[in-house]
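Accompanying notes for the structure given below.
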Amino acid sequence: MAHTKAGKFVLCVANDQCPDLEQRKVYQVLPDAKAAREGYLRIVDESGEDYLYPEEFFVDIKLPASLAVHFTAAA
């Protein structure tokens, strides 16, 4: 996964008709080692909440730290 000081980010390339994900949109990934071992990512989705989604829905992207802070979910 792509890492910056503000977090890591992925690009949604598939959503399997899931209304809480938009294809071609950047999402923040929250750390979740257990989910990662099982092939899932914890994503902050369109609802503003974090949920598990299949890793194959996303591709890693690398954002400059100055841009990544604009994609980071509010604490």
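Rule-based calculations on the coordinates, nothing more; no lab input. Since the structure is predicted, the reported quantities are computational estimates derived from the model, not experimental observations. FYI the Cβ positions are ideal-geometry reconstructions off the backbone, even for glycines, and counts take in every protein chain you see.
What distance in nm separates the two pseudo spin-label positions at Q23 and E49, each 7 Å out from Cα along the beta-carbon direction?
Label at Q23, label at E49, 2.6 nm between them.
Modelled label-to-label distance, E38 and D16, 7 Å Cα→beta-carbon offset: nm?
Distance between the two pseudo-spin positions: 1.3 nm.
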